[in-house]
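A.B. asks: One structure is given below, represented as structure tokens, and several questions about it will come after.
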Amino acid sequence: MSRKRRRRPVRRTRRAMREISVKVPLLARVEGEGALALTVRDGVIEALQLRIFEPPRLFEKLLEGRSFEEVPDIVARICGICPVAYQMSACHAIEGILGVAPGPWVRRMRRLFYCGEWIESHSLHIHLLAAPDFLGYPSALELAKEHPAIVRRGLALQGLGNDIIRLLGGRSVHPVGARIGGFYHAPDEASVRALRARLDQAAEDAKALVSWTASLPLPATEQVFECVSLRHPDEYPMNEGRIVSNRGLDIAAADFEAEFQERQAAYSTALQCLHRGKPYLVGPLARLNLNADRLPSSVAEHARASGIAFPSYNPFHSVIARAVEIHCAIVEAAALLEGYAVPEQPFAVPSPRPGVGFGCTEAPRGILWHRYELDSAGRVVRARIVPPTSQNQARIEEDLRTELAALGADSTDEALKLRAEAVIRNYDPCISCATHFLNLEVARS
Amino acid sequence: MARLRVSVHKFSSCDGCQLALLNRVEEVMRLADRVEFVHFAELGYVDPDAPVDVAFVEGSVSTPEEEIRIRELRKNARTLVTIGACATAGGIQALRNLQTDGREWVAAIYPSPAYVSLLGASHAISRYVAVDLELWGCPVDSRQVFSAIHDLALGVRPLNPGDSVCATCKREANVCVLVAHGEPCMGPVTRSGCGALCPRFGRACYGCYGPSEQVNSVALTQRFASLGLGPEAIARRFLSINNAAGPFAEAGLRAKEPR
């Protein structure tokens, strides 16, 4: 290898004797700011660090002393892409403490709210962040020049997801509709009809999207890893269920801390969540691997027809899993809106009491676990939040080691870099979320 | 006409204000003949040190590295625009500024706090460098961002109205949640721009667009007290998403320490 060219001013490539060092100082097309450092000596990967230099914003501490009623609005601010997930995990945890039972209307609308977020977040990821990798474009804008219909379809789905969130939340980023006990506002029937009218076409678009993702030139690989997700007795999991895995785990959200521990890796100062000391996968591929039998039948049939069998242990199939989940969320949304009626009051009234509660829901990127302790006035005494990206962090590094070794550590720096970036993006890491718990040195040189 | 060179930079934030653009990519594409995105990492363009006509900044300054980065960025940007509550007012994370020692919070969350490189406080961009235009909101509204881009591309100073949420409610003919329902609405002191979403949903505004141009926080504090809110609850109304914005910070701290 004798390459020493600079493709972009911020990318540096250094070669010293038989040691190569690949640095990607700022990862493109991920949510938040992260970097990768890789050292290869004599054809062997010696050091590999997924660095996250987002500064922590210390949400767990700033929640202390706040009233339970404020929690959904505060935790939404952890992530602009998945605020609904934060609101839902918080609502469930706090309602558990207060003994509030919001009833079937709220339950349905929360599931619809979540469908919106999955559609929005997955569509954004597939088209703006991931697809350019698989088709060899630097960005979605370049991709759109040659594949305008594909990108337009993706953006329309993303827009639909945002509109579903808006129906219940007023806006799609930091929506204002959710409250402990339910929603502040029930959509009127005309708005619901207008949205419902778009879903049949959207389901067709989602089917085409599933087929398209299944036809992408994805790297062929098979890895061994534990998948962790929620599982519900009869639904594809979003808001409710037990935490299960393909290795026999089956626990309630309240027992999370006994099985999962966060630890600090000495080399990178990252706090990583491990299951009994081992990396594991959360997110769309893990969910689909564990819950393919819970998909609506039309979604399951179309997924089968696409030719990719789930469970799959090719991490790159995550992009197909996302498309299948978009299809699932659209079909679910249509079912949830059948027979819609405006309720007398869209929330149950909570009143403060002390206690400890747990909430675990399926954020677009995987299980999002919350624990709150409230005092008798309903103020937060302590909060703990474990987001999906800190759970996937160790798995991403494990995947990078496997994939880069398979590619051949003596590949060109550029090839290693491109594959590494594709591997990382494939997990859709949400670095803003993760950083409230990951502490990484700022190592920008 | 040369295209406007634009960059988007992230500091301490949730990424939500960049979605003002990422949720409107079709509109971003339509700008292609007038606007060139030079640096916008999430969209795929990485060139953080390039000189630009307009730099949009999301997020607050909360680490020593960010302090250096914002100063460099200012040198490279002809016009610097902050987007959102974090960049414009320090964000909700500025609540740690109210602690006697923000490091205690770090120590409470991280097993090895020494690894966390944080400034003592989270501040608005304007604390460190001159800002040409501040767009408020948590999150900022897409329409605000696009109209700023259009105006700057034409060489016009963007409008940035500072009236209150009340004005929006009146125009929209919303029922006043403060007067009619006794809800502790922040609308009278909060900048417009969101479309009065909360009052429209029958809930009290929680001030996520920051202080309006003319804030009478004393009168609103009295009103909140007459609704039965105690000093702590009143302080929390002001010390929330925009806790470090001048008029809200003053009102919040005043409520905490009643004479």
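The values are calculated or read from the model by the stated rules, or taken from the named source; none is laboratory data. Here the structure is a predicted model, which means the values were calculated and not measured. Cβ placement follows ideal geometry from the backbone for every residue including glycine, while neighbour counts extend to all protein chains displayed.
A.B. asks: Output the qualifying pairs, or none if there are none: Cβ atoms under 6 angstrom, residues six or more apart or on different chains, first residue in the stretch B:187-209 and more than 24 Å from A:Gly182 (Cα to Cα) and more than 10 Å from chain A (Cβ to nearest Cβ), second residue part of a helix (DSSP H, G or I) and polar (S, T, N, Q).
C.D. replies: That search, which allows pairs on different chains as well, returns B:Val189/B:Ser217; B:Ser192/B:Thr168.
A.B. asks: In the set B:Val81, B:Val25, which member is assigned by TED's automatic domain parsing to the domain that holds B:Arg127 and more than 18 Å from the chain's Cα centre (by Cα)? Don't jump to the end; show me each part of the working.
C.D. replies: Values: B:Val81 fails: more than 18 Å from the chain's Cα centre (by Cα).
Just one listed residue meets the conditions, B:Val25.
A.B. asks: Just to check your reading of the model, which residue among A:Phe358, A:Phe347, A:Phe310 is free of Cβ contacts under 8 Å to residues at least 60 places away in the same chain and touching a helix residue (DSSP H, G or I) at 6+ places or on another chain (Cβ under 9 Å)?
C.D. replies: On the way: A:Phe358 fails: free of Cβ contacts under 8 Å to residues at least 60 places away in the same chain; A:Phe347 fails: free of Cβ contacts under 8 Å to residues at least 60 places away in the same chain.
Being free of Cβ contacts under 8 Å to residues at least 60 places away in the same chain and touching a helix residue (DSSP H, G or I) at 6+ places or on another chain (Cβ under 9 Å) holds for just one of A:Phe358, A:Phe347, A:Phe310, which is A:Phe310.
A.B. asks: Give the number of residues within the stretch A:48-105 that are under 17 Å from the mean Cα position of the chain (by Cα) and of a type in the set (S, T, N, Q).
C.D. replies: So the count comes out to 2.
A.B. asks: Follow-up. Residues A:Phe256, A:Phe225: which one is in contact with a Leu (Cβ under 6 Å, 6 or more places away or on another chain) and crowded, with 16+ Cβ neighbours inside 10 Å?
C.D. replies: Numbers: A:Phe256 fails: in contact with a Leu (Cβ under 6 Å, 6 or more places away or on another chain).
Only one candidate passes the filter, namely A:Phe225.
A.B. asks: Might you let me know whether the stretch A:132-144 holds any residue that is modelled with pLDDT of 95 or more and under 25 Å from A:Cys328 (Cα atoms)? Steps first, please.
C.D. replies: As a first pass, look at the stretch A:132-144 and keep what is modelled with pLDDT of 95 or more: none.
No: the stretch A:132-144 contains no residue that is modelled with pLDDT of 95 or more and under 25 Å from A:Cys328 (Cα atoms).
A.B. asks: Of the residues B:Asp141, B:Asp163, B:Asp132, which is farther than 21 Å from B:Cys208 by Cβ and either more than 14 Å from every other protein chain (Cβ to nearest Cβ) or among the acidic types (Asp, Glu) (or both)?
C.D. replies: Values: B:Asp141 fails: farther than 21 Å from B:Cys208 by Cβ; B:Asp163 fails: farther than 21 Å from B:Cys208 by Cβ.
Being farther than 21 Å from B:Cys208 by Cβ and either more than 14 Å from every other protein chain (Cβ to nearest Cβ) or among the acidic types (Asp, Glu) (or both) holds for just one of B:Asp141, B:Asp163, B:Asp132, which is B:Asp132.
A.B. asks: Still on this structure: Pick out the one residue from B:Glu42, B:Glu66 that is crowded, with 22+ Cβ neighbours inside 10 Å, farther than 24 Å from B:Ser147 by Cβ, within 8 Å of another protein chain (Cβ to nearest Cβ) and among the acidic types (Asp, Glu). Show your work before the answer.
C.D. replies: On the way: B:Glu42 fails: farther than 24 Å from B:Ser147 by Cβ.
Being crowded, with 22+ Cβ neighbours inside 10 Å, farther than 24 Å from B:Ser147 by Cβ, within 8 Å of another protein chain (Cβ to nearest Cβ) and among the acidic types (Asp, Glu) holds for just one of B:Glu42, B:Glu66, which is B:Glu66.
A.B. asks: Give the number of residues within the stretch A:178-222 that are part of a loop (DSSP other than H, G, I, E, B) and more than 14 Å from chain B (Cβ to nearest Cβ).
C.D. replies: First pass over the stretch A:178-222, keeping only residues part of a loop (DSSP other than H, G, I, E, B): A:180-181, A:184-188, A:215-222.
Filter once more, keeping what is more than 14 Å from chain B (Cβ to nearest Cβ): A:215-222.
Total meeting the criteria: 8.
A.B. asks: Restricting attention to the stretch B:156-206, report how many residues are closer than 22 Å to B:Thr221 by Cα and among the acidic types (Asp, Glu).
C.D. replies: 2
A.B. asks: So in the stretch A:144-177, with the set limited to residues that are in a loop (DSSP other than H, G, I, E, B) and within 12 Å of another protein chain (Cβ to nearest Cβ), which one is surrounded by the fewest Cβ atoms within 10 Å (Cβ to Cβ)? Before you say what the answer is, go through the steps one by one.
C.D. replies: Looking only at the stretch A:144-177, we keep the residues that are in a loop (DSSP other than H, G, I, E, B), and these are A:147, A:170-177.
When the remaining residues are screened for being within 12 Å of another protein chain (Cβ to nearest Cβ), the result is A:170-177.
Details: A:Gly170: 21, A:Arg171: 19, A:Ser172: 27, A:Val173: 31, A:His174: 26, A:Pro175: 26, A:Val176: 23, A:Gly177: 27.
Among those that are in a loop (DSSP other than H, G, I, E, B) and within 12 Å of another protein chain (Cβ to nearest Cβ), it is A:Arg171.
A.B. asks: Pick from the stretch B:214-247 the residues that are within 23 Å of B:Val175 (Cα to Cα) and among the charged types (D, E, K, R): which of them is nearest to the other protein chains (Cβ to nearest Cβ)?
C.D. replies: As a first pass, look at the stretch B:214-247 and keep what is within 23 Å of B:Val175 (Cα to Cα): B:214-217, B:219-229, B:234, B:237-238.
Those still in the list that are among the charged types (D, E, K, R) too: B:223, B:237.
On the way: B:Arg223: 19, B:Arg237: 10 Å.
In this case the residue turns out to be B:Arg237.
A.B. asks: OK, next. Being touching a residue at least 40 places away in the same chain (Cβ under 8 Å) and over 22 Å from the mean Cα position of the chain (by Cα) is the filter here; which residues of the stretch B:210-232 pass it?
C.D. replies: If the condition is that a residue be touching a residue at least 40 places away in the same chain (Cβ under 8 Å) and over 22 Å from the mean Cα position of the chain (by Cα), then B:Arg223, B:Phe224, B:Leu227, B:Leu229 are the ones that fit.
A.B. asks: If you check B:Gly207 against the conditions, is it crowded, with 16+ Cβ neighbours inside 10 Å, out of contact with any Cys (no Cβ under 7 Å at 6 or more places or on another chain) and closer than 16 Å to A:Glu70 by Cα? Write out each step before concluding.
C.D. replies: On the way: crowded, with 16+ Cβ neighbours inside 10 Å: yes; out of contact with any Cys (no Cβ under 7 Å at 6 or more places or on another chain): yes; closer than 16 Å to A:Glu70 by Cα: yes.
Spelling it out, B:Gly207 is indeed crowded, with 16+ Cβ neighbours inside 10 Å, out of contact with any Cys (no Cβ under 7 Å at 6 or more places or on another chain) and closer than 16 Å to A:Glu70 by Cα.
A.B. asks: Could you tell me whether A:Leu230 is closer than 18 Å to A:Pro284 by Cα and not charged (D, E, K, R)? If you could, list the steps in order and put the result at the bottom.
C.D. replies: Values: closer than 18 Å to A:Pro284 by Cα: yes; not charged (D, E, K, R): yes.
Yes: the conditions hold for A:Leu230.
A.B. asks: Right, here's the next one. Could we say that A:Ala131 is within 12 Å of another protein chain (Cβ to nearest Cβ), buried (at least 24 other Cβ atoms within 10 Å of the Cβ), over 14 Å from the mean Cα position of the chain (by Cα) and of a type in the set (Gly, Ala, Ser) here?
C.D. replies: Working: within 12 Å of another protein chain (Cβ to nearest Cβ): yes; buried (at least 24 other Cβ atoms within 10 Å of the Cβ): no; over 14 Å from the mean Cα position of the chain (by Cα): yes; of a type in the set (Gly, Ala, Ser): yes.
Here the answer is no, as A:Ala131 does not meet what is asked.
A.B. asks: Could you pull out the residue among A:Tyr137, A:Tyr86 that is among the hydroxyl-bearing types (Ser, Thr, Tyr), within 13 Å of chain B (Cβ to nearest Cβ) and without any contact (Cβ under 8 Å) to a residue 60 or more places away in the chain? Explain how you work it out, then say what you get.
C.D. replies: On the way: A:Tyr86 fails: without any contact (Cβ under 8 Å) to a residue 60 or more places away in the chain.
Answer to the check: A:Tyr137.
A.B. asks: Give the number of residues within the stretch B:172-209 that are touching an Asp or Glu at 6+ places or on another chain (Cβ under 7 Å) and on the phi > 0 side of the Ramachandran plot.
C.D. replies: Qualifying residue count for the region: 2.
A.B. asks: Going through the stretch B:210-224 one residue at a time, which ones are in a helix (DSSP H, G or I) and surrounded by fewer than 16 Cβ atoms within 10 Å (Cβ to Cβ)? Give the steps one after another, and end with the answer.
C.D. replies: Initial filter on the stretch B:210-224 (in a helix (DSSP H, G or I)): B:217-224.
Correct list: B:Val218, B:Ala219, B:Gln222.
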